[in-house]
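Chemist: First, the structure itself, so that you have it in front of you.
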Amino acid sequence: MIQNRNALQVLDRDFLEIRARILQVAADLDRIDRAPAHPGEHPDPRLGHIRQALEALSQPGPDRAETVQLIFSLEYDPDWRAKSGVDRERPGR
């Protein structure tokens, strides 16, 4: 039977790994901020998604992973198969 760990047990086991991942994100954002921008370049929407995800992470609650996944997900398109070419006949079939 799987037993749930309490918050202290989770921190005792995972703190260093969590800290390392947060530091990696901070380093990635630093590299983006230090990189020269191209003249006339519009803000990349992916940066907006990253900012939204970071904001979601700062909110308490048990569903942050789902919230972040939805931020980075595309809305469902019922025609995705046709648009992506999945329905086209494959060679050799």
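The values are calculated or read from the model by the stated rules, or taken from the named source; none is laboratory data. What you see is a predicted model; the values in this text were computed from it and never measured. Counting neighbours? That spans all protein chains shown, and the Cβs are built from the backbone with ideal geometry, glycine included. The accessibility values were calculated without ligands, DNA or RNA, using every heavy atom of the protein model including side chains. Shrake-Rupley method; radii C 1.70, N 1.55, O 1.52, S 1.80 Å.
Chemist: Among the residues of region 12-30, write down those that are among the aliphatic types (A, V, I, L, M) and farther than 16 Å from LEU57 by Cβ. I'd like the intermediate steps shown before the answer.
Modeler: Looking only at region 12-30, we keep the residues that are among the aliphatic types (A, V, I, L, M), and these are 16, 18, 20, 22-23, 25-27, 29.
Within region 12-30, LEU16, ALA27 meet the criteria.
Chemist: Further question on the same structure: Identify all residues within region 29-57 that are outside any loop (DSSP other than H, G, I, E, B), farther than 22 Å from LEU74 by Cβ and without any contact (Cβ under 8 Å) to a residue 12 or more places away in the chain; write none if there are none.
Modeler: ASP30, ARG31, ASP33, ARG34
Chemist: If you scan region 23-74, which residues turn out to be of a type in the set (A, V, I, L, M) and either over 24 Å from VAL10 (Cβ atoms) or open to solvent by 90 Å² or more (accessible area, probe 1.4 Å) (or both)? Let's see the steps before the verdict.
Modeler: Of the residues in region 23-74, the ones of a type in the set (A, V, I, L, M) are 23, 25-27, 29, 32, 35, 37, 47, 50, 53-54, 56-57, 65, 68, 70-71, 74.
If the condition is that a residue be of a type in the set (A, V, I, L, M) and either over 24 Å from VAL10 (Cβ atoms) or open to solvent by 90 Å² or more (accessible area, probe 1.4 Å) (or both), then LEU23, ALA27, LEU29, ILE32, ALA35, ALA37, LEU47, ILE50, LEU57, LEU70, LEU74 are the ones that fit.
Chemist: Okay, moving on. Only one residue in ASP14, ASP77 is surrounded by 10 or more Cβ atoms within 10 Å (Cβ to Cβ) and assigned to a loop (DSSP other than H, G, I, E, B), so which one is that?
Modeler: Working: ASP14 fails: assigned to a loop (DSSP other than H, G, I, E, B).
Going through ASP14, ASP77 in turn, just one is surrounded by 10 or more Cβ atoms within 10 Å (Cβ to Cβ) and assigned to a loop (DSSP other than H, G, I, E, B): ASP77.
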